[in-house]
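First the structure, in the form of structure tokens, and then the observations on it.
The values are calculated or read from the model by the stated rules, or taken from the named source; none is laboratory data. All values reported here derive from a predicted model rather than from experimental measurement. Quick reminder, even Gly has a Cβ in these numbers, built from the backbone with ideal geometry, and neighbours come from all protein chains shown.
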Amino acid sequence: MREFWKHCVRGAAALAFLLASGSAMAWPCDFMTGGGFIFHEGAKANFGVAGGCKFGTPTWGHLEYIDHGNGLNVHWTSITGYFEWGTSTGSNGQPIGTRLICGTANTNLYGPVYFAVRASDNGEPGTMDQFDIRLRQAPAAPPVYDTTKECEYHYLGSKAPCAPGSGGGGNIQLHKPNPSTTGSFGGSCPAL
């Protein structure tokens, strides 16, 4: 038991040193990819998404989304932001966490829209991963489509009515930073 406490005290001292020296930093910018399906309002919806800081910018990625219930087809035109929303390390040493991927898209039902995707890699084998999407026709306009579980991105104070998506399958993968993931998290997210 004494060894356990010695280990805890050493760890706390190291953390205090890092914080005091200003050396503690946020998670280095990375990238996320994923594909699969959710059920929204009882219908299957397929998605393919990616985002990250690659080659010095947080505006790398893509989005394809098809809701088979109402026939909605979303095709990205640009990525405007990539934000960290929690990161840790899984049991296999790989990063796990949630990212917000934002941009613009064309749709067959609503015309041009702003989108925000919240994607979560919750470890392997991917059965607990999460995908949510919100679409707006203008930054201050009410959402025209929303699958978010709690119907709000509460940390930014935006609320909207919605019918949450649930269930589904696929895999979302948060990838470790590498030499091509230069740049930093950031950008803009008008869909929130």
G90 - would you say it is at negative phi, touching an Asp or Glu at 6+ places or on another chain (Cβ under 8 Å) and at pLDDT 95 or above?
no
Within region 170-192, of all residues that are in a loop (DSSP other than H, G, I, E, B) and hydrophobic (A, V, I, L, M, F, W, C), the one surrounded by the most Cβ atoms within 10 Å (Cβ to Cβ) is A191
Considering only residues that are surrounded by fewer than 21 Cβ atoms within 10 Å (Cβ to Cβ) and closer than 19 Å to F185 by Cβ, which ones fall in region 119-129?
S120
For H62, all conditions in the list (1) closer than 26 Å to G168 by Cα; (2) modelled with pLDDT under 95; (3) surrounded by 14 or more Cβ atoms within 10 Å (Cβ to Cβ) hold save one; what is the number of the exception?
(2)
Return a yes/no flag: does region 71-86 have any residue that is surrounded by 13 or more Cβ atoms within 10 Å (Cβ to Cβ), closer than 28 Å to G126 by Cα and at pLDDT below 90.
yes
What pairs come up if the first residue lies in region 32-58 and is in contact (Cβ under 8 Å) with a residue 40 or more places away in the chain and hydroxyl-bearing (S, T, Y), the second is part of a strand (DSSP E or B) and surrounded by fewer than 18 Cβ atoms within 10 Å (Cβ to Cβ), and their beta carbons are under 8 Å apart, counting only those six or more places apart or on different chains?
T33/H175
So, in region 65-85, exactly how many residues are touching a strand residue (DSSP E or B) at 6+ places or on another chain (Cβ under 6 Å), under 25 Å from C53 (Cα atoms) and of a type outside the set (G, A, S)?
10
When restricted to P112, P143, P161, the only residue at pLDDT below 95, surrounded by fewer than 13 Cβ atoms within 10 Å (Cβ to Cβ) and more than 17 Å from F47 (Cα to Cα) is P161
Being hydroxyl-bearing (S, T, Y) and modelled with pLDDT of 95 or more is the filter here; which residues of region 30-59 pass it?
T33
Going by the structure shown, is E124 of a type in the set (D, E), at pLDDT below 95 and in a strand (DSSP E or B)?
no
Being exposed (fewer than 14 other Cβ atoms within 10 Å of the Cβ) and either in a strand (DSSP E or B) or touching a strand residue (DSSP E or B) at 6+ places or on another chain (Cβ under 9 Å) (or both) narrows it down to one of N106, N92, so name that one.
N106
Out of the residues in region 146-158 that are charged (D, E, K, R) and surrounded by 13 or more Cβ atoms within 10 Å (Cβ to Cβ), state the one that is modelled with the lowest pLDDT.
E152
